[in-house]
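Enquirer: Structure in structure tokens, see below.
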Amino acid sequence: MLIKAFVVLLLLGFVPLAAQTPKSSTSKVAGHYECPMHPDVKSKKPGRCPKCQMVLRFTPDKPAEAPAVPAKSETGAVSSLHIPDIAVQDQNGKSLNFYTDLVKGKVVAINFIFTTCTTICPPLTATFRRVQQQLAEQKSPVQLISVSVDPAIDTPERLRDFAAKFKTEPGWAFVTGNTSDINSLLQELGVAITNKNDHTPMILIGNDEAGYWTRAYGLASPTSLVKLITEAANRK
Ligand SMILES: [Cu+2]
């Protein structure tokens with residue numbers, strides 16, 4: 001009787017966690033912590049991924065019953081991409097049309113960030129900065145674009161401060177805009193996210209004139225990213 005009442009309270013969430021621990025070994029969900037980007041990174045304890053610093057996600061150990069749907073590749077060539085011409089603002093408060101002003105006729109690399117991020121955005125941005133320096137050395141005109149995935153918070157001023165922290169040079173636009181426009185942009189670019197903290201370290205590299213697009217891992221070495229960008233630039 002007493003046990004039944006306890007179980008009911010437990011199910012209703014009334015029993016504080018400390019009271020549960022001595023009792024339960026019965027109903028605890030077995031699981032582990034896994035990096036959303038690196039499924040090979042598994043841990044018994046919560047924490048961060050040593051490769052990309054993303055917060056490890058709790059994953060219940062369930063018997064492999066789900067039908068094996070091949071995971072959509074996160075990297076590699078993209079067959080076709082429609083880049084919407086939405087109205088955006090850059091870090092200087094300048095109004096731009098995303099496709100016409102930033103992508104049309106250019107070689108571009110795009111990453112996805114938000115300024116209050118404490119996980120992958122700082123290293124993603126630092127990597128892009130080094131990419132920008134290397135591209136400048138080899139005199140390749142490439143447009144870098146960082147799209148805010150948190151446009152309601154990321155005003156142009158916030159983006160300008162964020163960009164300044166990384167000493168970015170001209171030729172790198174940090175863009176924000178109206179939330180529904182940005183969401184449709186993210187959707188078209190294949191990076192739609194439901195929770196900004198789950199955002200992807202994926203970057204898009206493209207040569208608009210050649211109609212060539214490819215995805216890459218944004219925390220790869222700057223040198224390997226420059227190589228991919230140069231390959232894209234050389235497409236005819
Ligand atoms: Cu982030």
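Enquirer: Based on this model, can you work out whether Q133 counts as closer than 15 Å to T230 by Cα and either loosely packed, with under 14 Cβ neighbours inside 10 Å or within 14 Å of the ligand (Cβ to nearest atom) (or both)?
Expert: Details: closer than 15 Å to T230 by Cα: yes; either loosely packed, with under 14 Cβ neighbours inside 10 Å or within 14 Å of the ligand (Cβ to nearest atom) (or both): yes.
Judged against the criteria, Q133 is a match.
Enquirer: Turning to a different aspect of this structure: Being part of a helix (DSSP H, G or I) and modelled with pLDDT of 95 or more is the filter here, so list the residues in region 189-236 that pass it.
Expert: First pass over region 189-236, keeping only residues part of a helix (DSSP H, G or I): 196-198, 222-233.
Within region 189-236, P222, T223, S224, L225, V226, K227, L228, I229, T230, E231, A232, A233 qualify.
Enquirer: So G206 ticks every box in (1) among the small types (G, A, S); (2) in contact with a strand residue (DSSP E or B) (Cβ under 8 Å, 6 or more places away or on another chain); (3) farther than 18 Å from P84 by Cβ but one. Which box is left unticked?
Expert: (3)
Enquirer: Now, a different point. Going by the structure shown, is I83 under 20 Å from the mean Cα position of the chain (by Cα) and surrounded by fewer than 22 Cβ atoms within 10 Å (Cβ to Cβ)?
Expert: On the way: under 20 Å from the mean Cα position of the chain (by Cα): yes; surrounded by fewer than 22 Cβ atoms within 10 Å (Cβ to Cβ): yes.
Yes; evaluated as a whole, the condition is true for this residue.
Enquirer: Still on this structure: Which ones in region 212-223 are open to solvent by less than 50 Å² (accessible area, probe 1.4 Å), small (G, A, S) and more than 10 Å from the chain's Cα centre (by Cα)? Write out each step before concluding.
Expert: Step one: filter region 212-223 for residues open to solvent by less than 50 Å² (accessible area, probe 1.4 Å), giving 212-216, 218-220, 222.
Among the residues that remain, those that are also small (G, A, S) are: 216, 218, 220.
A216, A220 - these are the residues of region 212-223 that are open to solvent by less than 50 Å² (accessible area, probe 1.4 Å), small (G, A, S) and more than 10 Å from the chain's Cα centre (by Cα).
Enquirer: List the residue pairs whose Cβ atoms are under 6 Å apart, where the first residue sits in region 98-117 and is without any contact (Cβ under 8 Å) to a residue 40 or more places away in the chain, the second is among the aliphatic types (A, V, I, L, M) and not in a helix (DSSP H, G or I), and the two are 6 or more positions apart or on different chains.
Expert: Partner pairs satisfying both residue conditions: Y99/I83.
Enquirer: Here is a check on your reading of the model: is V142 modelled with pLDDT of 95 or more, closer than 18 Å to A220 by Cβ, more than 14 Å from the ligand (Cβ to nearest atom) and touching a helix residue (DSSP H, G or I) at 6+ places or on another chain (Cβ under 9 Å)? Spell out the reasoning first.
Expert: On the way: modelled with pLDDT of 95 or more: yes; closer than 18 Å to A220 by Cβ: yes; more than 14 Å from the ligand (Cβ to nearest atom): yes; touching a helix residue (DSSP H, G or I) at 6+ places or on another chain (Cβ under 9 Å): yes.
Yes; evaluated as a whole, the condition is true for this residue.
Enquirer: Read through the list (1) of a type in the set (V, I, T); (2) within 15 Å of the ligand (Cβ to nearest atom); (3) buried (at least 21 other Cβ atoms within 10 Å of the Cβ), then give the number of the only condition that V226 fails.
Expert: (2)
Enquirer: Looking only at region 180-205, count every residue that is crowded, with 22+ Cβ neighbours inside 10 Å and in contact with a helix residue (DSSP H, G or I) (Cβ under 9 Å, 6 or more places away or on another chain) and tell me the total.
Expert: Number satisfying all stated conditions: 5.
Enquirer: From A126, A152, A87, grab the single residue that is within 16 Å of the ligand (Cβ to nearest atom), touching a helix residue (DSSP H, G or I) at 6+ places or on another chain (Cβ under 8 Å) and not polar (S, T, N, Q). Steps first, please.
Expert: Working: A126 fails: touching a helix residue (DSSP H, G or I) at 6+ places or on another chain (Cβ under 8 Å); A87 fails: within 16 Å of the ligand (Cβ to nearest atom).
Going through A126, A152, A87 in turn, the sole match is A152.
Enquirer: Here is a further query. List pairs: first residue in region 159-179 and surrounded by 23 or more Cβ atoms within 10 Å (Cβ to Cβ), second residue aromatic (F, W, Y) and not in a helix (DSSP H, G or I) anywhere in the structure, Cβ distance under 8 angstrom, at least six positions apart or on different chains.
Expert: L159/F174; F162/F174
The values are calculated or read from the model by the stated rules, or taken from the named source; none is laboratory data. Here the structure is a predicted model, which means the values were calculated and not measured. Counting neighbours? That spans all protein chains shown, and the Cβs are built from the backbone with ideal geometry, glycine included. Areas reflect the complete protein model, heavy atoms only, side chains present, ligands, DNA and RNA absent. Shrake-Rupley method; radii C 1.70, N 1.55, O 1.52, S 1.80 Å.
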